[in-house]
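Data block below; observations after.
The values are calculated or read from the model by the stated rules, or taken from the named source; none is laboratory data. Predicted model, so just to flag it, every value in this text is computed and none were measured. Cβ placement follows ideal geometry from the backbone for every residue including glycine, while neighbour counts extend to all protein chains displayed.
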Amino acid sequence: MSSIVQRTATLFPEQEPLLSEIASLREARLYHQLTEALETLLSTTAVGTSSHLVAFFDEFIAPLLKYINAKSFVKFAVLASRQKETPEESMAFLLEMCESVREAVLAAKAATSRSGVADMDVEDNAAEANGANSKGGIETVDIGSGAAGDEAISAADLLPSPEDDAELLKASKKKTLVGPVTDYVHVYLLTELARVKLKSSVSEAKALLEEVGEVLDAVVEMDPLLHGFYYHIKSEYHRMMGPADVFFRYTMLYLAVTPLDDISLDVQRVLAFDLGLSALISEKIYNFGELLQHEILSSLEGTPHAWMAAMLAAFNAGDIAAYETLAAKHAIRMNAQPVLVVNKALLSEKLAICALVQILFETPSDARVLSFDEIAAATRLDEDRVERVLMKALSVGLIKGRIDGIDRTVSVSWVAPRVLDRAALGTMANSLTAWAAKVDSALDLIERDAGELLQ
């Protein structure tokens, strides 16, 4: 067992069995299994979040660059960088690691090219001996080959060809800090650099995220972990800079590709509450069904913020009475949120619009002509504010129709689709039942009177 592994076992005695296994795998040069064991150590134990990780990485993991999966190496480097004392040290470390990985990949690609030429000569000689001429072949390189269980990695997976670069960047002239960003390794590191930059230079972080976004948008298929990491940092940027609807979108994308088991409970609670706040104060979000059906809201149960889920449900259903009850019961906690206090007028208008949409959803499509009086009663608005609410609903695309200012009515021809809960599905089922009854009635009429009509 090496000295760094022994020191780590001394600091974290509960991890001694795993560290002994890691030392044995390193000695046996079983690099694939070693990578998996390191993933477990750094992702699920206190070692991965301790300041000791820097020394462990430098002395134990860094020398393995040529032997273990480059993607895993980068993840380990990112974890180590987060334990540096200052953002500047983290930046310098990440840039150094990025260049080291790049050099290793270039060396592997060069070795592949030489191997490919040699293989072609052998194949040509064999073909000539058989009276045929054969050319070509697939160039691959094993990073860390030489032991059973090692993981073979194609150099093309890590460093695209110039043709791939041109296709992925779509003729972009941008330059990155450390070279091409079109491979997994550099995209991951640049995203981490953007995370670090958020603490010191938001504008530089934005530029990095935009560059990474261009690459990810151009790639047809990419590792979900990488997309999740990018979405998470992008959501952090918009948490700081807004707007609320963009923060909401990127956070939901992050959750879509990241299992909740991989997110700590404390982080889940922060994300759930911030998602709720952003949904409430955004002028573009009026359908809360997607968030209400996400398991992350359950993380708020039993916390001081448990009221958020009920508040979102009230808005989603346009239930003004439920909102007023919750606002009275949790007034202190709601008033402790500056964004809710500042946007109180917006919340009132938004709730009225949600109530309007709910009324229209429950009204049969052939009867969606409502008077201003009916809308004022359902939304608890003064009649002179009804037209403004209708115009807002039309402008944000929640409904389509025509306002009659003379007769003071609105005729609605379309209501925006929405994510349905059980109650809404029940309403939809009732509408379908009523429609089926009308179809049966029309069919009976045709069957009864068809003879007279055809004579």
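For the range 362-402, give me each residue that is out of contact with any helix residue (DSSP H, G or I) (no Cβ under 6 Å at 6 or more places or on another chain), within 19 Å of G289 (Cβ to Cβ) and buried (at least 20 other Cβ atoms within 10 Å of the Cβ).
none
Could you check, for the range 181-194, whether at least one of its residues is at pLDDT below 50 and either in a helix (DSSP H, G or I) or over 21 Å from M91 (Cα atoms) (or both)?
Looking through the range 181-194, none of the residues is at pLDDT below 50 and either in a helix (DSSP H, G or I) or over 21 Å from M91 (Cα atoms) (or both).
Table: residues versus (1) surrounded by 16 or more Cβ atoms within 10 Å (Cβ to Cβ); (2) not charged (D, E, K, R).
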position	(1), (2)
P17	no, yes
L25	yes, yes
Y31	yes, yes
S43	no, yes
S51	no, yes
I68	yes, yes
V74	yes, yes
E96	no, no
R102	yes, no
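Can S278 be described as among the small types (G, A, S), at pLDDT 95 or above and either within 14 Å of the chain's Cα centre (by Cα) or not in a helix (DSSP H, G or I) (or both)?
no
Going residue by residue through the range 58-75, is there one that turns out to be β-branched (V, I, T), over 23 Å from T191 (Cβ atoms), part of a helix (DSSP H, G or I) and touching a residue at least 40 places away in the same chain (Cβ under 8 Å)?
No, there is no match, as no residue in the range 58-75 is β-branched (V, I, T), over 23 Å from T191 (Cβ atoms), part of a helix (DSSP H, G or I) and touching a residue at least 40 places away in the same chain (Cβ under 8 Å).
For the range 292-309, indicate whether the set of residues that are in a helix (DSSP H, G or I) and either of a type in the set (D, E, K, R) or more than 30 Å from D261 (Cβ to Cβ) (or both) is non-empty.
Within the range 292-309 (the criterion being in a helix (DSSP H, G or I) and either of a type in the set (D, E, K, R) or more than 30 Å from D261 (Cβ to Cβ) (or both)), the answer is yes, since at least one residue qualifies.
Of the conditions (1) without any contact (Cβ under 8 Å) to a residue 60 or more places away in the chain; (2) under 13 Å from the mean Cα position of the chain (by Cα), D223 satisfies every one except a single condition; which number is it?
So D223 meets the others, but not (1).
Whether any residue in the range 378-390 is closer than 15 Å to P417 by Cα, small (G, A, S) and touching a residue at least 12 places away in the same chain (Cβ under 8 Å) is what I want to check.
no
Which pairs do you get when a residue that is free of Cβ contacts under 8 Å to residues at least 40 places away in the same chain, found in the range 330-353, comes within reach of a residue that is assigned to a helix (DSSP H, G or I) and not β-branched (V, I, T), reach meaning Cβ atoms under 7 angstrom, with the pair 6+ apart or on two chains?
H330/W307; R333/W307; M334/A327; M334/L340; V341/N335; L351/F315; L351/Y323
If you check A327 against the conditions, is it farther than 29 Å from G426 by Cα, among the small types (G, A, S), free of Cβ contacts under 8 Å to residues at least 60 places away in the same chain and not assigned by TED's automatic domain parsing to the domain that holds I406?
Judged against the criteria, A327 is not a match.
Looking at the range 215-231, which of the residues that are of a type outside the set (A, V, I, L, M, F, W, C) and crowded, with 22+ Cβ neighbours inside 10 Å is farthest from L193 (Cα to Cα)?
It comes out as Y231.
Regarding S264, is this residue within 25 Å of S43 (Cα to Cα), modelled with pLDDT of 95 or more and among the polar types (S, T, N, Q)?
No.
Would you check if there is a residue in the range 30-53 being small (G, A, S) and in contact (Cβ under 8 Å) with a residue 40 or more places away in the chain?
The answer is no; no qualifying residue exists.
Any residue that is over 24 Å from M91 (Cα atoms) and either crowded, with 18+ Cβ neighbours inside 10 Å or at pLDDT below 90 (or both) - is there at least one of those in the range 196-214?
Taking every residue of the range 196-214 in turn, none turns out to be over 24 Å from M91 (Cα atoms) and either crowded, with 18+ Cβ neighbours inside 10 Å or at pLDDT below 90 (or both).
(1) farther than 25 Å from L226 by Cβ; (2) within 33 Å of the chain's Cα centre (by Cα); (3) of a type outside the set (S, T, Y): which one isn't true of K109, the others all being true?
Evaluating K109 over (1) farther than 25 Å from L226 by Cβ; (2) within 33 Å of the chain's Cα centre (by Cα); (3) of a type outside the set (S, T, Y) leaves (1) as the failure.
Within the range 235-250, is even one residue closer than 26 Å to T45 by Cβ and either within 12 Å of the chain's Cα centre (by Cα) or crowded, with 17+ Cβ neighbours inside 10 Å (or both)?
yes
Touching a residue at least 60 places away in the same chain (Cβ under 8 Å), of a type in the set (S, T, N, Q) and not in a helix (DSSP H, G or I): does that describe N316?
The answer is no for N316.
Checking the conditions here, which among F288, F248, F229 is touching a residue at least 24 places away in the same chain (Cβ under 8 Å), touching a helix residue (DSSP H, G or I) at 6+ places or on another chain (Cβ under 6 Å), farther than 22 Å from A393 by Cβ and not β-branched (V, I, T)?
F229
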